[in-house]
Amino acid sequence: MRAAIYARVSTVDQHCEMQLRELREYCQRRGWTIAGEYVDAGWSGAKASRPELDRIMRDAAAHRCDAVLVWKLDRFGRSVLNLSEQLQRLSSHAIRFLAISQAIDTDQSNPTSRLLLHMLAAVAEFERELIKERVKAGMAAAKHRGTRIGRPTVALDQRRARKLHKSGFSQRAIAEALGVGKGTIARLLAA
């Protein structure tokens, strides 16, 4: 059995090593060959398209593996619709899908597992919606307390920026001279 293993974390400061270790050990215990490791760091599970997810789906379509393994279902996706579509694509290529920590295996002889998979997909999407709701509530509470949300305001010498622009300096050179981002200069000059 050739297994493609997929791991994901939502932020770049998180790590996939625990997921990968468990997936590798799972394959080793069964004598399966690891056909590839696919890791998306800093990508939300709500995104239908992620670089390594897209690559694993292409490789599955090209039959470079016999199974796709994830540590937990929500690592693969948090949208019921996207997850269903991805699993259908894998199934159409006769590729098994396994979420090893949840004992989910889409092997044709395991209809109970497929039912559990769809139930857990719905729970993962529900959990994602709760997270979004809590973030919105937290931001609203912070605004109500008078906390400014967003990037800090940048002090900009507008007169000097325009003078440098008239003298022929590029937006990048002006931004560097004034210690601000290029976008700040671009917005000033476009106004």
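So which residues in segment 155-177 are in contact with a helix residue (DSSP H, G or I) (Cβ under 6 Å, 6 or more places away or on another chain) and of a type in the set (A, V, I, L, M)?
Passing the criteria: A161, L164, I174, A175.
Report, by residue number, each residue of segment 18-46 that is assigned to a strand (DSSP E or B), hydrophobic (A, V, I, L, M, F, W, C) and out of contact with any Cys (no Cβ under 6 Å at 6 or more places or on another chain).
The one that is assigned to a strand (DSSP E or B), hydrophobic (A, V, I, L, M, F, W, C) and out of contact with any Cys (no Cβ under 6 Å at 6 or more places or on another chain): A41.
Going by the structure shown, is S49 exposed (fewer than 12 other Cβ atoms within 10 Å of the Cβ) and either assigned to a helix (DSSP H, G or I) or of a type in the set (S, T, N, Q) (or both)?
Yes, satisfied.
Condition first: open to solvent by 60 Å² or more (accessible area, probe 1.4 Å) and either polar (S, T, N, Q) or in a strand (DSSP E or B) (or both). Now tell me which residues in segment 68-90 satisfy that.
Start the filter on segment 68-90 by keeping residues that are open to solvent by 60 Å² or more (accessible area, probe 1.4 Å), which leaves 72, 81, 85, 88-89.
Listed by number, the list holds a single entry, Q88.
If we keep just the residues of segment 18-43 that are touching a helix residue (DSSP H, G or I) at 6+ places or on another chain (Cβ under 8 Å) and either touching a residue at least 60 places away in the same chain (Cβ under 8 Å) or among the acidic types (D, E) (or both), which is nearest to E129 (Cα to Cα)?
Filtering segment 18-43 for residues that are touching a helix residue (DSSP H, G or I) at 6+ places or on another chain (Cβ under 8 Å) and either touching a residue at least 60 places away in the same chain (Cβ under 8 Å) or among the acidic types (D, E) (or both), the one nearest to E129 (Cα to Cα) comes out as D40.
Which condition number does G146 fail, the rest of (1) in a loop (DSSP other than H, G, I, E, B); (2) at pLDDT below 90; (3) open to solvent by 60 Å² or more (accessible area, probe 1.4 Å) being met?
Status for G146: all satisfied but (2).
Please work out if R159 is at pLDDT 90 or above, open to solvent by 60 Å² or more (accessible area, probe 1.4 Å) and of a type in the set (K, R). Let's see the steps before the verdict.
Numbers: at pLDDT 90 or above: yes; open to solvent by 60 Å² or more (accessible area, probe 1.4 Å): yes; of a type in the set (K, R): yes.
Against the criterion (at pLDDT 90 or above, open to solvent by 60 Å² or more (accessible area, probe 1.4 Å) and of a type in the set (K, R)), R159 qualifies.
Report yes if some residue within segment 130-141 is acidic (D, E) and more than 29 Å from the chain's Cα centre (by Cα); otherwise report no.
No, because not a single residue in segment 130-141 is acidic (D, E) and more than 29 Å from the chain's Cα centre (by Cα).
Under 8 Å by Cβ, and 6 or more places apart or on different chains, what pairs join a residue from segment 164-189 that is closer than 15 Å to T153 by Cα and among the charged types (D, E, K, R) with one that is exposed (fewer than 13 other Cβ atoms within 10 Å of the Cβ) and modelled with pLDDT under 90?
Within 8 Å, no pair qualifies.
Listed here are the residues, each with its yes/no results for (1) part of a helix (DSSP H, G or I); (2) of a type in the set (A, V, I, L, M).
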{"position": "F97", "(1), (2)": "no, no"}
{"position": "S101", "(1), (2)": "yes, no"}
{"position": "A124", "(1), (2)": "yes, yes"}
{"position": "R128", "(1), (2)": "yes, no"}
{"position": "G138", "(1), (2)": "yes, no"}
{"position": "A142", "(1), (2)": "yes, yes"}
{"position": "A155", "(1), (2)": "no, yes"}
{"position": "I185", "(1), (2)": "yes, yes"}
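Restricting segment 1-35 to residues that are charged (D, E, K, R) and in contact with an Asp or Glu (Cβ under 8 Å, 6 or more places away or on another chain), which is surrounded by the fewest Cβ atoms within 10 Å (Cβ to Cβ)?
Restricting to residues being charged (D, E, K, R) and in contact with an Asp or Glu (Cβ under 8 Å, 6 or more places away or on another chain), the top hit is R2.
The values are calculated or read from the model by the stated rules, or taken from the named source; none is laboratory data. In this text the structure is predicted, and so the values were computed from the model without any measurement. Here Cβ is always computed from backbone atoms with ideal geometry, including for glycine, and neighbour counts include all displayed protein chains. Note: accessible area is taken over every heavy atom of the protein model, side chains too, but ligands, DNA and RNA are not part of it. Shrake-Rupley method; radii C 1.70, N 1.55, O 1.52, S 1.80 Å.
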